1. Any idea which of 43, 53 is in a helix (DSSP H, G or I), modelled with pLDDT of 95 or more and touching a helix residue (DSSP H, G or I) at 6+ places or on another chain (Cβ under 8 Å)?
2. May I ask you to list the residues in segment 44-55 that are buried (at least 18 other Cβ atoms within 10 Å of the Cβ) and within 16 Å of residue 132 (Cα to Cα)?
3. Can you find, within segment 108-131, the residue that is modelled with the lowest pLDDT among those that are surrounded by fewer than 19 Cβ atoms within 10 Å (Cβ to Cβ) and in a helix (DSSP H, G or I)?
4. Return the total of residues in segment 84-116 being within 16 Å of residue 144 (Cα to Cα) and either touching a strand residue (DSSP E or B) at 6+ places or on another chain (Cβ under 9 Å) or in contact (Cβ under 8 Å) with a residue 60 or more places away in the chain (or both).
5. For residue 81, all conditions in the list (1) out of contact with any strand residue (DSSP E or B) (no Cβ under 7 Å at 6 or more places or on another chain); (2) under 20 Å from residue 144 (Cα atoms); (3) in a helix (DSSP H, G or I) hold save one; what is the number of the exception?
6. Of everything in segment 56-77, what is assigned to a helix (DSSP H, G or I) and either surrounded by 17 or more Cβ atoms within 10 Å (Cβ to Cβ) or in contact (Cβ under 8 Å) with a residue 40 or more places away in the chain (or both)? Give them in sequence order.
């Protein structure tokens, strides 16, 4: 019975996502992202990963703006809206620092590889983390009751 309730809640929560999230952001891992760009030369792969990182950055910025916008329409006291807005800004800054450190670590796992190879690991990491953060922001703000 507990499993049925969980599945029902899960399905309903995803079906209730706002239209903006209907353009589901892919949350593949770094390896899958690199594999998606593996057709062609190393330069082509790097260009593909740069493009994916830029797209994920744009999607993340859109999700952050959308979350901030949702908070302005939240059916809650101004005090709590202000607190949530501040925490969203702090969370976004902390995420940027985390992403930078985590992706530097991910690149370092390339060991003795040089130049583009290490940067490609970093770009795949940036793409994955941006996409995950985008989905996270959408899921967190999806149930905020509006005025």
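1. Values: 43 fails: modelled with pLDDT of 95 or more.
One residue alone meets the criteria, 53.
2. Hits for segment 44-55 are 52, 53.
3. In the first step, residues of segment 108-131 are kept if they are surrounded by fewer than 19 Cβ atoms within 10 Å (Cβ to Cβ); the result is 108-119.
Narrowing the set further to residues that are in a helix (DSSP H, G or I) leaves 108, 116-119.
On the way: 108: 95, 116: 86, 117: 91, 118: 94, 119: 95.
Per the criteria, the residue is 116.
4. 1
5. Of (1) out of contact with any strand residue (DSSP E or B) (no Cβ under 7 Å at 6 or more places or on another chain); (2) under 20 Å from residue 144 (Cα atoms); (3) in a helix (DSSP H, G or I), only one is false for residue 81: (1).
6. If the condition is that a residue be assigned to a helix (DSSP H, G or I) and either surrounded by 17 or more Cβ atoms within 10 Å (Cβ to Cβ) or in contact (Cβ under 8 Å) with a residue 40 or more places away in the chain (or both), then 56, 57, 59, 60, 62, 63, 64, 66, 67, 70, 71 are the ones that fit.
The values are calculated or read from the model by the stated rules, or taken from the named source; none is laboratory data. Computed from a predicted model, the values in this text were never measured in an experiment. Note that we place each Cβ from the backbone using ideal geometry, even for glycine, and neighbour counts take in every protein chain shown.
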